[in-house]
Amino acid sequence: MAEVTKKTDDSDSADAPPVRRTTPIEFFQQVNRESKKVTWPSWKETWLTSMMVFIMVGLTMVFFAVVDFLLQYGEFLLIGARRVS
């Protein structure tokens, strides 16, 4: 049988530093300090990125419309509702 060892020394909690609580004022000061480090995109970058998203959505929409049409046409051929002419 395997031996069971009992841990009596709780060294993990003894080595951990005490948790320091942050006041709401300190929290908002830290948030403000971190938000100043952010590199915000320019208006041109935002505009170009938005246009690329709209273009990709349009291309995706057209792609799935074509795939849907082909699958629908194939289903009609499969069940005999439409004949190849």
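Quick note: the coordinates plus some simple rules give every number you see, no bench work behind them. If you're wondering where the values come from, they're calculated on a predicted model, not measured in any experiment. Counting neighbours? That spans all protein chains shown, and the Cβs are built from the backbone with ideal geometry, glycine included.
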What are the trypsin sites (Lys or Arg not before Pro) within the stretch 13-62 that DSSP puts in a loop, where the Cβ has at most 13 other Cβ atoms within 10 Å? R20, R21, K36, K37
Would you calculate the separation in nanometres between label points at A81 and F69, each defined as 7 Å from the Cα along the Cα-to-beta-carbon direction? 1.7
Calculated from backbone phi, Karplus (6.51, -1.76, 1.60) coupling profile of the stretch 44-58 in Hz, x at Gly/Pro: 5, 4, 5, 4, 5, 5, 5, 5, 5, 5, 5, 5, 5, 5, x
